[in-house]
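Below is one structure, written out as structure tokens, with a few remarks after it.
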Amino acid sequence: MKKILLVDDSSSLRIAVRQALTEAGYEVVEAEDGQHALSLLDGRRFHLIITDINMPKIDGFTLIDVMKKFPAYRYTPVVIISTIDSEHKIDRGQDMGANAWVVKPFEPAQLIELVGKLLPL
């Protein structure tokens with residue numbers, strides 16, 4: 001089963017996204033911020049990372065930057081989910097290695113379709 005790390009400080013969003021991804025056949029592990037996510041990366045293998053940008057402790061950009069330095073995660077697909085839709089921020093995310101940017105609010109089906117393209121079951 002493909003394993004996804006979902007990183008967002010909103011517990012209600014994590015619950016909704018986890019439910020949709022689980023129903024679609026993915027295993028989901030949650031983290032409430034970038035610091036927690038980094039602690040989960042060590043010794044585990046995730047096939048896809050979904051992260052918010054604005055979070056306490058360690059933000060999503062920093063998470064992506066640090067994560068991409070791990071050899072096991074250098075080529076792992078990343079989806080950014082954020083209320084920010086600034087072209088500058090989106091370009092920054094892509095330059096850092098993000099594969100897609102989804103603006104909140106979004107329909108779970110939209111995210112499932114995107115995840116399916118990046119991480120076929």
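A compact table of results
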quantity	calculated
Options Thr22, Thr62, Thr76, Thr51; residue that is of a type in the set (S, T, N, Q), touching a residue at least 40 places away in the same chain (Cβ under 8 Å) and either buried (at least 17 other Cβ atoms within 10 Å of the Cβ) or over 18 Å from Ala100 (Cβ atoms) (or both)	Thr51
Complete set of residues in segment 23-44 that are farther than 12 Å from Leu63 by Cβ and touching a strand residue (DSSP E or B) at 6+ places or on another chain (Cβ under 6 Å)	Tyr26, Glu27, Val28, Val29, Glu30
Residue match in segment 100-118 (condition: surrounded by 11 or more Cβ atoms within 10 Å (Cβ to Cβ), farther than 22 Å from Ala24 by Cα and among the aliphatic types (A, V, I, L, M))	no
Residues of segment 89-121 classified as outside any strand (DSSP E or B) and either touching a Cys at 6+ places or on another chain (Cβ under 6 Å) or without any contact (Cβ under 8 Å) to a residue 24 or more places away in the chain (or both), total	11
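Each reported figure results from applying straightforward, stated rules to the coordinates on display, with no laboratory input. None of these values were measured; they are calculated from a predicted model. Virtual Cβ from ideal backbone geometry, glycine too; neighbours counted across all protein chains shown.
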